[in-house]
Amino acid sequence: MRGAAWPIGAVAGRGATWPIGALLIGYPVWWALGFGGLAVIVLAVPMAAILWRRRPIRVPRGFGLWLLLLAGYLLSALTLAETPPGTYGELSTGRVIGYGMRLALYVALLIMVLYLGNLTERELPQLRLVRMLGVLFVTTVAGGLLGVFFPGFEFTSPLERVLPEWISGNPFVENLIHPTAAQTQKVLGYASPRPEAPFEWANAWGSNVSVLLIWFVVGWWVYGGRRRKGASVLLLAAAAVPIVYSLNRGLWIGLGLGALYLVVRLGGRARVALVVAAAAGALVFALSPLASLVGQRLDNPHSNDIRAFTVSATIAAAAHSPVIGYGNTRNALGNQSTITTGRSEWCPGCAHPPLGSDGQLWLLLITQGFVGAALYVAFFAGAIRRHWADRSPIGLAGVLVMGLVLLYMFVYDGLVTPLSLYLISFALLWRNSLRNSA
């Protein structure tokens, strides 16, 4: 396979490929500047310009579903001012900002997929793109270790300094533009940091590290030489520390199901090697201090009641606008333990997460109704069906990521960075099918 060279050259100016190199390899810079996952919106402008010069533009199969999803989101703006039963709050600047940012992201991701699919293999070899994702995995592990050992690390980004307070002070925007190493939560019954650098939330870190780990293994182990394979073993061992300290059950389940998927789909010596490696890794982990931390997390499922309340309230609210949803999240009356409206001076514990904040599926239900959620599922499920027969390393990895998307939608928001990685993985599958049919 062509493109085995180290991908740093992609940033230095390989013609039309520099935007994706700037996004994936240059991500730490975007994070430090305060853009983070919003960088894809900025870089969608040069991507669109490159696409415009390449007309006619080819599109992947199933892309009409994404266009319908985008069209539905445009229509959902009609209900932004509505207050579904069981919720409270009036139309505000924050609600409009959140809607606008999500719309910009959906459009940017559409452009990014078309851009990647219209680059030739000579311009952007598959392996180079995979290794760009591998570089971002290294960045993610470094950010995770930062969150473990220096959880209080944070700073005011340049973007945060120049934005007016009425924008930067919005909680949704603040999470995106204010770089922090960890998110402190009482997951174990006491305050404990969960790594999130260089992403926007601890759960986003969990989703992203699992997707990036898959591509890292493909680029550094499957297609790597002896030195690269040796380095990958050390990096994966280092990644285990923040993965455990993330206290992220969804991530742990995703990694376990991913290993099972590979055991089923791989054959011969590859399957035996995977089983042996998994058994050895499990033994080392069981004998390490990290095992007790996992045990503590499993013994403290405190978030289950919160999730159950928000999910049921989200479904109930979405049922009142099942076709186009409400454009943005809403706040429910009460929470899992009280019927009061929300946080107040006399009831500080009455606060609750916004409806739709417990997973991409629930976000789609409240923002775009049951129709939008169905389109999202159909888009990624269709990708699995079309590419299931592709048993190349990239095909197997891409289908695994599409499966994780459908798993994670129950527990993780896709916005902002996870959805970018999901669709880059989709583009890799599409590009692979174009190569196989050529």
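The values are calculated or read from the model by the stated rules, or taken from the named source; none is laboratory data. Note that the coordinates shown come from a computational prediction; the quantities given were computed from them, not determined experimentally. Don't worry about glycine lacking a Cβ; one is built from the backbone with ideal geometry, like all the others, and counts go over all protein chains shown. The accessibility values were calculated without ligands, DNA or RNA, using every heavy atom of the protein model including side chains. Shrake-Rupley method; radii C 1.70, N 1.55, O 1.52, S 1.80 Å.
A single entry from 366, 384, 394 fulfils the requirement of being farther than 16 Å from residue 113 by Cα, touching a strand residue (DSSP E or B) at 6+ places or on another chain (Cβ under 6 Å) and of a type outside the set (Gly, Ala, Ser): 366.
Which residues, counting only those in the range 24-34, are closer than 20 Å to residue 137 by Cβ and either small (Gly, Ala, Ser) or touching a residue at least 24 places away in the same chain (Cβ under 8 Å) (or both)? Those that are closer than 20 Å to residue 137 by Cβ and either small (Gly, Ala, Ser) or touching a residue at least 24 places away in the same chain (Cβ under 8 Å) (or both): 24, 25, 26, 27, 28, 31, 32.
Taking the conditions (1) over 21 Å from residue 406 (Cβ atoms); (2) open to solvent by less than 40 Å² (accessible area, probe 1.4 Å); (3) in contact (Cβ under 8 Å) with a residue 40 or more places away in the chain in turn, residue 245 satisfies each one other than (2). Residue 97 passes every criterion in (1) surrounded by 14 or more Cβ atoms within 10 Å (Cβ to Cβ); (2) in a helix (DSSP H, G or I); (3) at pLDDT 95 or above apart from (3).
With respect to the conditions (1) in a helix (DSSP H, G or I); (2) modelled with pLDDT under 90; (3) open to solvent by 60 Å² or more (accessible area, probe 1.4 Å), residue 315 falls short on a single one, namely (2).
Here the condition is being open to solvent by 30 Å² or more (accessible area, probe 1.4 Å) and touching a helix residue (DSSP H, G or I) at 6+ places or on another chain (Cβ under 7 Å); of 86, 169, it holds for 86 alone.
Annotation note: Cβ proximity below 6 Å between a residue of the range 410-438 that is within 27 Å of residue 365 (Cα to Cα) and a residue that is open to solvent by 40 Å² or more (accessible area, probe 1.4 Å) and of a type outside the set (Phe, Trp, Tyr) (sequence gap 6+ or interchain) occurs for 412/203.
Any idea which of 414, 372, 398, 382 is open to solvent by less than 20 Å² (accessible area, probe 1.4 Å) and at pLDDT below 95?
414
Can you tell me which residue is surrounded by the fewest Cβ atoms within 10 Å (Cβ to Cβ) among those in the range 67-76 that are in contact with a Leu (Cβ under 8 Å, 6 or more places away or on another chain) and in contact (Cβ under 8 Å) with a residue 40 or more places away in the chain? Write out each step before concluding.
From the range 67-76, those in contact with a Leu (Cβ under 8 Å, 6 or more places away or on another chain) are 67-70, 72-74; that's our starting set.
Subsequent filtering for residues that are in contact (Cβ under 8 Å) with a residue 40 or more places away in the chain retains 67-70, 72-73.
Values: 67: 12, 68: 16, 69: 21, 70: 17, 72: 20, 73: 21.
It comes out as 67.
Residue count for the range 38-60 satisfying the condition of being free of Cβ contacts under 8 Å to residues at least 60 places away in the same chain and outside any helix (DSSP H, G or I): 4.
When residue 232 is tested against (1) among the polar types (S, T, N, Q); (2) free of Cβ contacts under 8 Å to residues at least 60 places away in the same chain; (3) open to solvent by 20 Å² or more (accessible area, probe 1.4 Å), exactly one condition is not met: (3). Taken over the range 26-37, the criterion of being modelled with pLDDT of 95 or more and not in a loop (DSSP other than H, G, I, E, B) is satisfied by 27, 28, 29, 30, 31, 32, 33. Looking only at residues of the range 131-186 that are among the charged types (D, E, K, R) and farther than 13 Å from residue 36 by Cα, we find that the one that is modelled with the lowest pLDDT is 186.
Applying a threshold of 7 Å to beta carbon distances and a minimum spacing of six or more residues, or different chains, the list of pairs starting in the range 103-118 at a residue that is in contact (Cβ under 8 Å) with a residue 12 or more places away in the chain and ending at one that is among the aromatic types (Phe, Trp, Tyr) and part of a helix (DSSP H, G or I) reads 103/73; 106/73; 110/66; 113/426; 117/430. With respect to the stated conditions, residue 164 fails to be farther than 15 Å from residue 137 by Cβ, in contact (Cβ under 8 Å) with a residue 24 or more places away in the chain and open to solvent by 40 Å² or more (accessible area, probe 1.4 Å). Residue pairs whose Cβ atoms lie under 7 Å apart, sitting 6 or more positions apart in sequence or on different chains, and linking a residue in the range 379-407 that is part of a helix (DSSP H, G or I) to a partner that is of a type in the set (D, E, K, R), are 386/61; 396/265. When restricted to residues that are surrounded by fewer than 18 Cβ atoms within 10 Å (Cβ to Cβ), assigned to a helix (DSSP H, G or I) and among the polar types (S, T, N, Q), the range 102-160 contains 0.
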